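Worksheet: one structure, shown below.
We did not get these values from a lab; they are worked out from the coordinates using the rules stated. In this text, all values refer to a predicted model and were calculated from it rather than measured experimentally. Here Cβ is always computed from backbone atoms with ideal geometry, including for glycine, and neighbour counts include all displayed protein chains.
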Amino acid sequence: MTTETPQFTLPMDVTKICEIIPHRFPFLLIDRIIELDYEKQWLVAIKNVTMNEFQFLGHYPGQPIMPGVLMVEAMAQASAVYVLNMPVNKGKVPYFAAIEGVKFRRMVTPGDQLRIEVQVLKLKSRLGKVAVKAKVDGEIAVEAEFTCMLGDPKE
């Protein structure tokens with residue numbers, strides 16, 4: 001693992017996050033990075049879940065629940081910040097190679113705050129594997145392992 005200097009220091013707000021990952025409204029699903037440690041291979045991101053998000057118009061009317069796929073995507077975006085914040089990976093595009101062991105353990109609703117904890121398991125030049133948990137009030141809402149590839153952006 002490299003100990004190169006990251007692009008940004010903590011905390012990272014949404015403006016800094018947008019300088020690192022390619023995701024944008026309406027698909028930017030993380031709000032803040034509060035912990036990032038390259039020696040411990042660890043990152044913590046925050047996703048504030050609000051009723052103002054479009055998915056709650058239809059998922060589900062009268063009983064808003066954050067879709068599991070969007071929680072998984074938020075976890076992937078947090079993982080991408082870890083990798084793409086390294087100068088050597090600046091401008092790369094992350095792509096899923098595998099999603100394993102996804103377990104949904106509790107519903108997430110407007111007003112909840114997801115604390116997304118990323119632990120890097122393996123990181124090579126173009127391939128990485130992470131274990132990620134998203135928690136609400138200390139309780140695991142969803143967990144999974146992701147493998148991703150880094151690609152070059154289309155020119």
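Couplings 3J(HN,Hα) of segment 43-53, computed from phi: 9, 10, 10, 10, 10, 8, 8, 10, 5, 6, 7 Hz, in residue order, whole Hz [Karplus 6.51 cos²θ - 1.76 cosθ + 1.60, θ = phi - 60°; x for Gly and Pro]. Among (1) 156; (2) 131; (3) 113, only one was calculated for this model; which label is it, if the read-out is volume of the Cα convex hull per residue in Å³? Step by step, volume of the Cα convex hull per residue in Å³ for this structure corresponds to label (3). Loop-located GluC sites (Glu not before Pro) across segment 1-92 with a Cβ neighbour count of 15 or fewer within 10 Å are 4, 39, with loop assigned by DSSP. Each residue of segment 21-36 is assigned a 3J(HN,Hα), and the resulting list reads 9, x, 6, 9, 3, x, 10, 7, 10, 10, 10, 7, 10, 10, 9, 7 Hz, derived from the Karplus form 6.51 cos²θ - 1.76 cosθ + 1.60 (θ = phi - 60°), x at Gly and Pro.
Available extension along the chain between residue 140 and residue 104 is 12.1 nm, counting 0.36 nm per residue and deducting the alpha carbon span. Fewest-first ordering of 115, 126, 24 by other beta carbons within 10 Å of each residue's beta carbon gives 24, 126, 115. What is the angle, in °, between the Cα long axis of helix 68-84 and the longest principal axis of the Cα atoms in the chain? Nearest 10 is fine, range 0 to 90. Tilt relative to the chain: about 20 degrees. Over all other residues within a Cβ to Cβ distance under 9 Å of residue 102, the charged ones net out to -2, with Lys and Arg as +1 and Asp and Glu as -1.
Computed packing ranks the peptides 89-101, 131-143 as 131-143, 89-101, most packed first, by mean other Cβ atoms within 10 Å.
The phi torsions of segment 85-92, fed into the Karplus equation with coefficients 6.51, -1.76 and 1.60 and a -60° offset, translate into couplings of 6, 7, x, 5, 9, 4, x, 6 Hz, rounded to whole numbers, with Gly and Pro shown as x.
Only helical runs count toward this figure. For the chain, summing -39,500 (n - 2.57) over DSSP H runs of n ≥ 4 and dividing by all residues gives -5000 deg cm²/dmol at 222 nm.
Report the net charge of residues surrounding residue 14, where surrounding means a beta-carbon distance below 12 angstrom and charges are Lys +1, Arg +1, Asp -1, Glu -1.
Value of the local net charge: +1.
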